[in-house]
1. Only one of Glu269, Glu246 is open to solvent by 20 Å² or more (accessible area, probe 1.4 Å) and either farther than 15 Å from Phe296 by Cβ or in contact with a Phe, Trp or Tyr (Cβ under 8 Å, 6 or more places away or on another chain) (or both); which?
2. Considering Asn81, Asn19, Asn110, which residue is in contact (Cβ under 8 Å) with a residue 40 or more places away in the chain and open to solvent by 40 Å² or more (accessible area, probe 1.4 Å)?
3. Find the strands (runs of 3 or more DSSP E) located wholly in region 206-282 whose residues include 3 or more that are modelled with pLDDT under 95 and of a type outside the set (Phe, Trp, Tyr), and list them.
4. I'd like to verify a number: residues in region 89-107 that are crowded, with 19+ Cβ neighbours inside 10 Å and in a strand (DSSP E or B), how many?
5. Can you run down the residue pairs with Cβ atoms below 7 Å, 6 or more apart or on separate chains, where the first is in region 316-331 and closer than 15 Å to Arg275 by Cα and open to solvent by 10 Å² or more (accessible area, probe 1.4 Å) and the partner is at pLDDT below 95 and of a type outside the set (D, E, K, R)?
6. Picking from Arg119, Arg144, Arg124, Arg104, which residue would you name as being in contact with an Asp or Glu (Cβ under 8 Å, 6 or more places away or on another chain) and modelled with pLDDT under 95?
7. Give me the pairs: first residue in region 141-158 and within 12 Å of Glu97 (Cα to Cα) and in contact (Cβ under 8 Å) with a residue 60 or more places away in the chain, second residue surrounded by 19 or more Cβ atoms within 10 Å (Cβ to Cβ) and of a type in the set (D, E, K, R), beta-carbon distance under 8 Å, and six or more apart or on different chains, which are they?
Amino acid sequence: KLYDDIMRVAAKWVSPPYNADGWRLDVAADLGHSPEMNHKFWRDFRKSVKTANPDAIILAEHYGDPKEWLQKGDQWDTVMNYDAFMEPLTWFLTGMEKHSDEYRGECFGNPGDFEGAMRHHMTRFMTSSLQCAMNELSNHDHSRFLTRTNKKVGRAEQLGTDAAGRGINKGVMKEAVVFQMTWPGAPTIYYGDEAGVCGWTDPDNRRTYPWGSEDQELIAFHKAAIAMHKSQEVLKTGSYKPLVGEYNLIAYGRFNQKDAVVVIVNNSEDERRVRVPVWELGITDKDEMEQIFVTFDGGFGEEQLWYTVNGGWLDIGLRKTSAVVLKRVKW
């Protein structure tokens, strides 16, 4: 009876007149008395939901390898992407654990750790599941990403709530958003991140929205970054390729048969110069690279700049704590 009731409810809310867009499943791997029962339940759940609304998404919270639930396309559609986005990105940009419970200096700015973790965990997804994976910087369980940029270990009961907003680095937050808007997956913003909300781990991360005192510059930045993501199909469905990995500097490409985009992030406090092997994306000396988005310490912009390609390489200077997105232009 309970089983049948759950299946009825699963279909009800994605059907008229409610028409919810889908289900987010809390710690979905923990359901059931055995793995066999768990997988049977989610197969039946999927059948109930998709019969009622084929477009409804089934999105599971999951820590660890999701392959058993994704590989056959008969259970979940995708997962909240902790392992192949939130965690490696947080370690690289801040050196912090996602609850602000630990700082690891050896992880901060470490391109090998970043690329190794991303590569390992991304292989556990089918392409369709990866392209719609929930790529978050913050959520209701973990500290706010903006708080993690202060590199302070602690919680509200230890340090007080005000400390969550001290010593933060908006430049690093903007770099993270550029990653979020250009990395494979579905960028998902936790309410208030776009307005500068800080907070330690649960429950301090659930502060009310700061009506009347929003960080307007951060909101404008998010709007521009989202518009950039929406305008480039290659950022939604294109393939991914790492290009450069240096201490506190990452460059990667997104590409398809028509377009190629290069993303470069300089997470250091110094200006950097880097040579990027854009030939690996099929970019030649006959092409130019157009800057379509840039963020830096103290600002951001969409000013258009063009860079030449020489011998299949792009030579570019970067401001401190900055990120740039460039798109191939064929002549």
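1. Glu246
2. When all the criteria are applied, what remains is Asn110.
3. Working: elements: 239-246, 249-255, 260-266, 272-276.
Strands (runs of 3 or more DSSP E) meeting the threshold: none at all.
4. Result for region 89-107: 1.
5. What qualifies is Arg319/Phe296.
6. Sole residue among the options that is in contact with an Asp or Glu (Cβ under 8 Å, 6 or more places away or on another chain) and modelled with pLDDT under 95: Arg124.
7. Cβ pairs passing all conditions: His142/Lys98; Ser143/Lys98; Ser143/Asp204; Arg144/Asp193.
Residue-by-condition table, conditions (1) in contact with a Ser or Thr (Cβ under 9 Å, 6 or more places away or on another chain); (2) surrounded by 15 or more Cβ atoms within 10 Å (Cβ to Cβ):
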site	(1), (2)
Met181	no, yes
Ile189	yes, yes
Val197	yes, yes
Asp202	yes, yes
Trp211	no, no
Gln216	no, no
Ala225	yes, yes
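The values are calculated or read from the model by the stated rules, or taken from the named source; none is laboratory data. Bear in mind that the values here come from a model prediction, so they are computed numbers and not experimental data. In this analysis, Cβ positions are derived from the backbone assuming ideal geometry, glycine residues included, and neighbour counts consider all displayed protein chains. These area figures cover heavy atoms from the full protein model, side chains too; ligands, DNA and RNA do not enter into them. Shrake-Rupley method; radii C 1.70, N 1.55, O 1.52, S 1.80 Å.
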